[in-house]
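Here the structure comes first, spelled out in structure tokens, and everything after it is commentary.
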Amino acid sequence: MVLFRPMIKADDNIKDYQSYPAYLTSRYTVFLALLGHVGFLVLFIFLQVLPLVYVNIGSCLIFVSAIFFNRFRFHRLVLNLTLIEIISHAYFATYYLGWESGFYLYIFCLIPLVFVYRIISPLNRRGLLGSLLGCLLILYFSSRTWPVIHPLSTVILSNLTLMNLILTFLVFVILYSAYSLSAMDLERQLRLKNEELENSSRIDPLTALSNRRDIIDLIQCEREKMLRNKSHCCFILGDIDFFKRINDSYGHNYGDDTLKQVAAILQRTLRKQDHVCRWGGEEFLIVLPDTDVAGGKVAAEKLRMGIESFSFSSQDISTHITMTFGVAPYDPLLAIEDSIKQADDLLLFGKQQGRNRVES
């Protein structure tokens, strides 16, 4: 069960994907540490252990600064501050209250941080883990020889140990939850990025229509459906007449706007199940599922009339253009390129016959 939701999301910058788990885990670590040391401050005031009161005031200031540094992605500095503070706090608390108080347990809370920070090399990570073990051993054997500076009653000491044990367990759970959430959010962000890249590789950036790659995949799907259902399909290949003249007369920006407007007319004139793509330059390929050549010719004529009657406007210039269309049946037993070539040949024949016409 997830204990909490992260209040931030991974940045779009790919560099931040590497630091995001450390950022999120550090954020909850320093907040938890700050909250815990405020609680310890109250506890030590109640127990009248003034040296530890002063230590916890300093600890609170350290973690307030760590929150600030973490916002600016100074992860190495935050990690060093956290390591130094928690080890020092465990040392002072054990020195004044004894090993049985259980404050050494918080050193174990540093282990997840060592693995979360990817800025730490494997060699340094092993060194840090060894150092933490060394600190625990030194603290343990040193505490055997220390006189307890501020002895506590057995009841208070056992309750203090239980409290520290429970808090250590909760810190482990929360840190693991924070890291898991960061990994899940990164996975979601990367999945969305991959989907965006996949979509952009299939969409013509100028007209927002399908490109060649996408339409070929769609035709493959239609082919399987045709073979399964014995249905019809036809191609319409359309080309804007005298498009070079438009570019030469009004500029390429005007030509681009014209292509966008042609794409919009084709999309709104065709059926929802029809597919249209920018085949290249000023050519558009249209796939009409469940349509024979006769139906394709009717659809092409409707498109031709819509283009002819439309007033194309851009940059305070209005023009009228025409398109020529070739309509050919799609034979699923032949290569896709063969059927498209047939439509292309008919389109070329229409150009030779005067343009602004439909050939099938």
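The values are calculated or read from the model by the stated rules, or taken from the named source; none is laboratory data. Small disclaimer: the values here were computed from a predicted structure and weren't measured. Here the Cβ is made from the backbone with ideal geometry for all residues, glycine too, and neighbour counts use every protein chain on show.
Here are a few things to note about the model shown:
- Only one of the listed residues (Val55, Val2) is at pLDDT 65 or above and touching a helix residue (DSSP H, G or I) at 6+ places or on another chain (Cβ under 9 Å). That residue is Val55.
- For region 293-343, the strands (runs of 3 or more DSSP E) that sit wholly inside it and include 2 or more residues that are without any contact (Cβ under 8 Å) to a residue 60 or more places away in the chain are 312-314.
- Taking the criterion of being small (Gly, Ala, Ser) and without any contact (Cβ under 8 Å) to a residue 40 or more places away in the chain, the residues of region 60-93 that qualify are Ser65, Ser88.
- Count of residues meeting criterion [among the aliphatic types (A, V, I, L, M) and within 41 Å of the chain's Cα centre (by Cα)] in region 300-333: 2
- Residue in region 121-141 that is surrounded by the most Cβ atoms within 10 Å (Cβ to Cβ), counting only those that are over 14 Å from Ile84 (Cα atoms) and touching a residue at least 24 places away in the same chain (Cβ under 8 Å): Leu139
- Within region 100-142, the residues that satisfy the criterion of being hydrophobic (A, V, I, L, M, F, W, C) and outside any helix (DSSP H, G or I) are Ile119, Ile120.
- Condition met for Leu237 (in contact with a strand residue (DSSP E or B) (Cβ under 7 Å, 6 or more places away or on another chain), in a helix (DSSP H, G or I) and of a type outside the set (Lys, Arg)): no
- Any hit, region 94-112, residues being closer than 18 Å to Leu175 by Cα, out of contact with any Leu (no Cβ under 9 Å at 6 or more places or on another chain) and without any contact (Cβ under 8 Å) to a residue 60 or more places away in the chain: no
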